[in-house]
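In what follows, a single structure is set out as structure tokens and then discussed.
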Amino acid sequence: MAIELGNAALKLCPSGHSLHDAFLHALSCCLYARFEKLGIIGDLEEGISLAQAALALRLSGHPERATSFHDVASGLYTRFQKLGEISDLKEAISLGRDALDLCPSGHRSASLNSLLTYIVAMFDQQSDRIADIEEAV
């Protein structure tokens, strides 16, 4: 039901509307949740696409830009876990760093934890890259 309502809201909200990014974000979160429950890869793919679209609208200085970096990174990491595409993991690390850079002091723990997870996964994939573990520490 939430996904259907989210799609309807997007259709009613033109792309230039000030809330368009928020609707993209909300629908992306709903699709990620359904993917976690049902495992339909198409939900994950669409969720990533919508999260990327929200990020594209949340330019430098937008108060939710860090959240968008995190959302895209999280989706890419999940897709890496399912499909094993190292490019998804590399992009998740890059976006995770971007998210961390935007987090104010005292509010960095979630972003740090996510980035650490991505970096450790990269080390597991390419154990010859000791720099990954050094960065994680």
Scope segment 35-44; condition in a helix (DSSP H, G or I) and either more than 19 Å from VAL72 (Cβ to Cβ) or in contact with a helix residue (DSSP H, G or I) (Cβ under 7 Å, 6 or more places away or on another chain) (or both); matching residues: PHE35, LYS37, LEU38, ILE41, ASP43, LEU44
Somewhere in segment 91-99, is a residue more than 17 Å from PHE80 (Cα to Cα) and either over 14 Å from the mean Cα position of the chain (by Cα) or at pLDDT below 90 (or both)? no
With the requirement that a residue be assigned to a helix (DSSP H, G or I) and over 14 Å from ALA51 (Cα atoms), what does segment 8-34 give you? ALA8, ALA9, LYS11, LEU12, ARG34
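Give, as residue ranges, the helices (runs of 4 or more DSSP H) completely inside segment 56-131 that count at least 3 residues that are in contact (Cβ under 8 Å) with a residue 40 or more places away in the chain and closer than 20 Å to GLU36 by Cα. Step through it out loud before you land on a result.
Numbers: elements: 65-83, 86-102, 109-125.
Here the list reads 65-83, 109-125.
Rundown of residues vs (1) touching a Gly at 6+ places or on another chain (Cβ under 9 Å); (2) surrounded by fewer than 18 Cβ atoms within 10 Å (Cβ to Cβ); (3) of a type in the set (D, E, K, R), yes/no style:
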residue	(1), (2), (3)
GLY84	no, yes, no
GLU91	no, no, yes
SER94	no, yes, no
SER114	yes, no, no
ASP124	no, yes, yes
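The values are calculated or read from the model by the stated rules, or taken from the named source; none is laboratory data. From a predicted model like this one, the values you see are computed outputs, not experimental measurements. Counting neighbours? That spans all protein chains shown, and the Cβs are built from the backbone with ideal geometry, glycine included.
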